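Undergrad: Once you've had a glance at the structure underneath, I'll fire off some questions.
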Amino acid sequence: MKRLWTWVKRVGVVLLLLVAGLLAPVAWVETMCRGDKVQTPYAALLPPAEHRVESRTLLTYPEWHIVHAYDDYAEVIRTGDPHEFGFFKSITGFWSSLCVLNETASGVGNVDSATKQMVYVIGVSFTAELMMKAAYEETIGRLFAWQRGAGRAPLDDLSAVQAADYAAFLQQVPWYRWHFREDAEALRQAATGNLRDRERRLALGLEYGAKAAYADLIARAVAATGFDELRLRMVVSGKPAEDLAAYDGITIGETIPEGIVIETPRYRILTHLLQSMAMDGWQFREIAGNDDILFTALSDQPGHQDAIVSLPRQGYGDFRHLVLVKVTELADQIRNLAASGARLEHVHDY
């Protein structure tokens, strides 16, 4: 009994150390990443009911960092093996970018507690997931890949396709709606008798099963608390209102002295819409009651003159730049990206 209690204490100490390790980045951001910028007063054009918290344009990036990490992972394993992906590089990228974003947020307004809590929860979950995946793929997974040899097994290719499909899905839809159980079944049906396939079927099947169970819990929690708004309003100008009929998903509202009020979809669809409108000559006057907005651009250069953060992308060999601009400058920035050797990736709404 004494020996059992000794082992229980040892396990408890290990668990406490793991929890402390996972929470350490949160403490670091809270204590070392505080900004001292003063917010510039802004008189909004849209009524308060149409406003979204401006700091969310910055604090939506951590969610997208995770989306981008899955895309990077899919690109790496498209021709390589999971152990070639930099799991810890992706983790440090999340927390280092969050540090800068948290500092910058002081200049666009306070971050509401619900958003901050959500970012920390997904950050800790992301860190734990990648640490566990790294622990497996860098050891057992690497061993089975070595035993397989240079040629890829059927489930290497299938899991790469699944990873790419999942990364594309996350561009517009929450992760917990993905069909993890169907992926696990596809692995089971496609597996051959070789050792690498048996290992991939078991390892990824367990991973997909755990994610499916967690997704069920999250889906029920979201259903109970309500879904986020899928549309927002903005004010645009520069062209006649009838030209807006060329864009899908737009609802045209009233005309005010500063421009035309429109309602649009959010997330990835919004990025494509804003890019099309900018290239067609539209100007953006205000989005969701705010005058600042974050976008990300990709380029082959490690830095961008206006970036608050620049990060390397794995698998692609290029770099992601986070740029904070005034809404009134967004259209010109989008139009000028090509001249600087960059391309628009995503406009972060609120």
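Undergrad: Kindly indicate the residue of region 69-107 that is closer than 24 Å to Arg56 by Cα and of a type in the set (Phe, Trp, Tyr) and also surrounded by the most Cβ atoms within 10 Å (Cβ to Cβ) among those meeting that condition.
TA: Phe94
Undergrad: Next question. Could you tell me which of the residues Arg320, Arg343 is surrounded by 21 or more Cβ atoms within 10 Å (Cβ to Cβ), under 30 Å from Ile91 (Cβ atoms) and within 20 Å of the chain's Cα centre (by Cα)? First the steps, then the outcome.
TA: Working: Arg343 fails: surrounded by 21 or more Cβ atoms within 10 Å (Cβ to Cβ).
Being surrounded by 21 or more Cβ atoms within 10 Å (Cβ to Cβ), under 30 Å from Ile91 (Cβ atoms) and within 20 Å of the chain's Cα centre (by Cα) holds for just one of Arg320, Arg343, which is Arg320.
Undergrad: Look at region 254-284 and say how many of its residues are in contact with a Ser or Thr (Cβ under 8 Å, 6 or more places away or on another chain), charged (D, E, K, R) and in contact (Cβ under 8 Å) with a residue 40 or more places away in the chain.
TA: Total meeting the criteria: 1.
Undergrad: To continue, here is another question. Against the definition (among the small types (Gly, Ala, Ser), touching a residue at least 40 places away in the same chain (Cβ under 8 Å), assigned to a helix (DSSP H, G or I) and surrounded by 22 or more Cβ atoms within 10 Å (Cβ to Cβ)), how does Ala128 come out, yes or no?
TA: Taking the combined requirement at face value, the residue does not satisfy it.
Undergrad: Looking for something more than 15 Å from Asp157 (Cα to Cα) and surrounded by fewer than 12 Cβ atoms within 10 Å (Cβ to Cβ) - is there at least one such residue anywhere in region 186-194?
TA: The initial filter retains those residues of region 186-194 that are more than 15 Å from Asp157 (Cα to Cα), namely 193.
Add one more test, that the residue is surrounded by fewer than 12 Cβ atoms within 10 Å (Cβ to Cβ), and what stays is 193.
Yes; the residues of region 186-194 include at least one that is more than 15 Å from Asp157 (Cα to Cα) and surrounded by fewer than 12 Cβ atoms within 10 Å (Cβ to Cβ).
Undergrad: I would also like to ask the following. Can you find a residue that is over 24 Å from Thr139 (Cβ atoms), of a type outside the set (Val, Ile, Thr), in contact with a His (Cβ under 7 Å, 6 or more places away or on another chain) and not in a helix (DSSP H, G or I) anywhere in region 36-48? It would help to see each step written out before you state the result.
TA: Step one: list which residues in region 36-48 are over 24 Å from Thr139 (Cβ atoms), which gives 36-48.
Filter once more, keeping what is of a type outside the set (Val, Ile, Thr): 36-37, 39, 41-48.
Next cut, in contact with a His (Cβ under 7 Å, 6 or more places away or on another chain) only: 44.
If we keep only those that are not in a helix (DSSP H, G or I) as well, we get 44.
Checked region 36-48: at least one residue is over 24 Å from Thr139 (Cβ atoms), of a type outside the set (Val, Ile, Thr), in contact with a His (Cβ under 7 Å, 6 or more places away or on another chain) and not in a helix (DSSP H, G or I).
Undergrad: Only residues that are closer than 17 Å to Asp71 by Cβ, in a strand (DSSP E or B) and either in contact (Cβ under 8 Å) with a residue 40 or more places away in the chain or touching a Phe, Trp or Tyr at 6+ places or on another chain (Cβ under 8 Å) (or both): list them for region 308-330, please.
TA: Here is the first cut: in region 308-330, the ones closer than 17 Å to Asp71 by Cβ are 311-322.
After this cut, where a residue has to be in a strand (DSSP E or B) as well, the list is 311-312, 319-322.
Of everything in region 308-330, those that are closer than 17 Å to Asp71 by Cβ, in a strand (DSSP E or B) and either in contact (Cβ under 8 Å) with a residue 40 or more places away in the chain or touching a Phe, Trp or Tyr at 6+ places or on another chain (Cβ under 8 Å) (or both) turn out to be Leu311, Pro312, Arg320, Leu322.
Undergrad: For region 67-82, does any single residue satisfy the condition of being closer than 22 Å to Ala163 by Cα, outside any helix (DSSP H, G or I) and at pLDDT 95 or above? Even if it seems obvious, please write down each step before you answer.
TA: Of region 67-82, the ones closer than 22 Å to Ala163 by Cα are 67-82.
From what's left, outside any helix (DSSP H, G or I): 80-81.
Cutting the leftovers down to at pLDDT 95 or above gives us 80-81.
Yes; the residues of region 67-82 include at least one that is closer than 22 Å to Ala163 by Cα, outside any helix (DSSP H, G or I) and at pLDDT 95 or above.
Undergrad: Applying the selection to region 206-244, what residues are exposed (fewer than 10 other Cβ atoms within 10 Å of the Cβ) and aromatic (Phe, Trp, Tyr)?
TA: Phe227
Undergrad: OK, next. Residue under question is Leu344, and the condition is that it be in contact (Cβ under 8 Å) with a residue 40 or more places away in the chain, more than 20 Å from Ser106 (Cα to Cα), part of a helix (DSSP H, G or I) and of a type outside the set (S, T, N, Q); does it hold? Please lay out each step first, then the result.
TA: Working: in contact (Cβ under 8 Å) with a residue 40 or more places away in the chain: yes; more than 20 Å from Ser106 (Cα to Cα): yes; part of a helix (DSSP H, G or I): no; of a type outside the set (S, T, N, Q): yes.
Against the criterion (in contact (Cβ under 8 Å) with a residue 40 or more places away in the chain, more than 20 Å from Ser106 (Cα to Cα), part of a helix (DSSP H, G or I) and of a type outside the set (S, T, N, Q)), Leu344 does not qualify.
Undergrad: Suppose we filter Gln305, Gln333 for residues that are assigned by TED's automatic domain parsing to the domain that holds Gln283, surrounded by fewer than 18 Cβ atoms within 10 Å (Cβ to Cβ) and either assigned to a loop (DSSP other than H, G, I, E, B) or at pLDDT 95 or above (or both); which single one remains?
TA: On the way: Gln333 fails: surrounded by fewer than 18 Cβ atoms within 10 Å (Cβ to Cβ).
On inspection, the qualifying residue turns out to be Gln305.
Undergrad: While we're on this one: Identify the residue in region 152-175 that is over 30 Å from Glu345 (Cα atoms) and either of a type in the set (A, V, I, L, M) or at pLDDT below 95 (or both) and, among all such residues, is surrounded by the most Cβ atoms within 10 Å (Cβ to Cβ).
TA: Initial filter on region 152-175 (over 30 Å from Glu345 (Cα atoms)): 152-155.
Then keep just the ones that are either of a type in the set (A, V, I, L, M) or at pLDDT below 95 (or both); that gives 153, 155.
Numbers: Ala153: 21, Leu155: 24.
So the residue we want is Leu155.
The values are calculated or read from the model by the stated rules, or taken from the named source; none is laboratory data. Remember, it's a predicted structure, so these values are computed and weren't measured experimentally. No Cβ is skipped: glycine too gets one built from the backbone with ideal geometry, and neighbour counts run over all protein chains shown.
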